[in-house]
1. Which percent of the accessible heavy-atom area of the range 54-357 goes to carbon and sulfur, probe 1.4 angstrom?
2. Report, please, the projected area of the chain averaged over directions, based on the convex hull of its C-alpha atoms, in nm².
3. Where the only charges are on Cβ atoms (+1 Lys, Arg; -1 Asp, Glu), what is the dipole of the range 54-357 about its Cα centre, to the nearest 20 debye?
4. For Glu138 and Asn424, what does the FRET efficiency come to when R0 = 35 Å and r is the distance between their Cβ atoms, rounded to the nearest 0.05?
5. Put +1 on the Cβ of every Lys and Arg and -1 on every Asp and Glu Cβ in the chain; which of Leu127, Phe228, Leu170 then has its Cα farthest towards the positive end of the dipole?
6. What full-extension length gain, to one decimal in nm, is calculated for Leu36 and Asp125 as 0.36 nm per residue of separation minus the Cα-Cα distance?
7. Any idea of the accessible area per residue across the range 54-357, 1.4 Å probe, to the nearest Å²?
8. About its Cα centre, how strong a charge dipole does the range 294-340 have in debye, to the nearest 20, once Lys and Arg get +1 and Asp and Glu get -1 at the Cβ?
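The values are calculated or read from the model by the stated rules, or taken from the named source; none is laboratory data. Predicted, not measured: the structure shown is a model, and the values here were computed from it. Here the Cβ positions follow ideal geometry from the backbone for every residue, glycine too, while neighbour counts run over all protein chains shown. In case anyone asks, the SASA skips ligands and DNA or RNA and just uses the protein heavy atoms, side chains included. Shrake-Rupley method; radii C 1.70, N 1.55, O 1.52, S 1.80 Å.
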Amino acid sequence: MIFDLMIKNVSLTDDIGEFDVACKDGKIVEIAKSILGDSKETIDAEGCLLSPPFIDPHFHMDATLSLGTPRLNVSGTLLEGISLWGELKPLQSIDDIISRAMQYCDLAVAKGIGAIRSHVDTCDDELKGVQALLEVREKVKGYLDLQLVAFPQDGVFRDPTALENTKRALDMGIDVVGGIPHFERTMSEGARSVNLLCEIAAERGLMVDMHCDESDDPMSRHVETLAFETKRLGLEGRVSGSHLTSMHSMDNYYVSKLIPLMAESQINVIPNPLINIMLQGRHDTYPKRRGQTRVRELRDAGLTVGFGSDCVMDPWYSLGKADMLDVAFMALHVGQLSSREDMGWCFDAVTKNSAKIIGLEEYGIEKGKPANFVLLQAKDKIEAIRLRAHRLLVVRGGLIISRSDPVKYTLHKPEGDIDFNEIN
Ligand code: FE2
């Protein structure tokens, strides 16, 4: 057999040693210590890490790359971000959103992201973001899986037309039901919004992903309602709670009851470490609370945890570069996940855990699966996070869709030039 593509001498994420990976007709057809046979293209990875694609389970593509329009977020809070987004929405056209989203998708693919779950604001009677991102989903489908969440940003009860518009968005083909209970007017309205939106998802056979308890309020307890409704409606495994930052501030006794309920309901957990370490604790003096939910405890209770990037250069977050290794790096630090096992798990949280959360089928580097992977300039998962490793190759369906030269430094010393890179 003549292979289409052979990557020789790769390290794999969960196996010891070096392997060759051969691809044909868009699939991985062989993985072995040494594969004999010709290939149309052969690349020597020299021991670098071949990973399945990064997966971003939480993003806002309708707002991305809009930083500074019409103004900057001065306070740095979530609430000013929401109000700023409200100013931007009427100013932007469908074409503006498409153009920025396409630009972001190019960057994301080059950074090795293979799938993104993006929330899209449905509190707009024209549904401009929905129209734009449905078009983007179609445009990028050959090289990036884009899953869309109908997200009533201003509250499904607080905004008078949000419910109708959210249903319209789902009718138009949006994939997942979203919500924002902590932004409704009262705690009881928030709980009612969770009931209603979960019922809509159950009726339509859809997954749920709620922005839930994204606050420092220890009494914000919508995740309890989300877990309860998940169980009541038989949605186990299909529901995600995004952010869950209030859990950081909750009473420990209450959490000791809450986490088992979440585990029983098989709620997926999506912390967004870059943005929440920036947004949370803004009302604190010192000590300031960390903006991250109880990642270790949720993981140890058996819940699936995947880290999201949330925002890149928008009303909420002015940095970011579509780098899921930046996300893992921040989560690791904020969560003090510093053992070798924990650090390796942080890599899983931006790859296979997130693939599971968004329901991505045929994911992973295994014989018979689609030849989708990224070659990183690092030897293992921990080094990849440490270096936020350079992406040497991105392969989708057996085709190289992004390629870049290895990072190398040349030091000019008196005794002569030295070439080196950062790999151990
Ligand atoms: Fe978000």
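1. Values: 5970 of 11160 Å².
About 53 percent, which is the carbon plus sulfur part of the accessible surface.
2. Values: hull surface 90.9 nm².
So the Cα hull casts an average projection of 22.7 nm².
3. Values: 31 positive and 43 negative charges, 123 e Å.
Using Cβ point charges on Lys, Arg, Asp and Glu, the range 54-357 gives about 600 debye.
4. On the way: r = 43 Å, r/R0 = 1.23.
Efficiency at R0 = 35 Å is approximately 0.20.
5. Value computed over the given set: Phe228.
6. Values: separation 89, 0.36 × 89 = 32.04 nm, distance 5.94 nm.
Result for the pair: 26.1 nm of gain on full extension.
7. On the way: 11160 Å² over 304 residues.
Roughly 37 Å² per residue, with all protein chains present.
8. Details: 5 positive and 6 negative charges, 45 e Å.
Dipole about the Cα centre, nearest 20: 220 debye.
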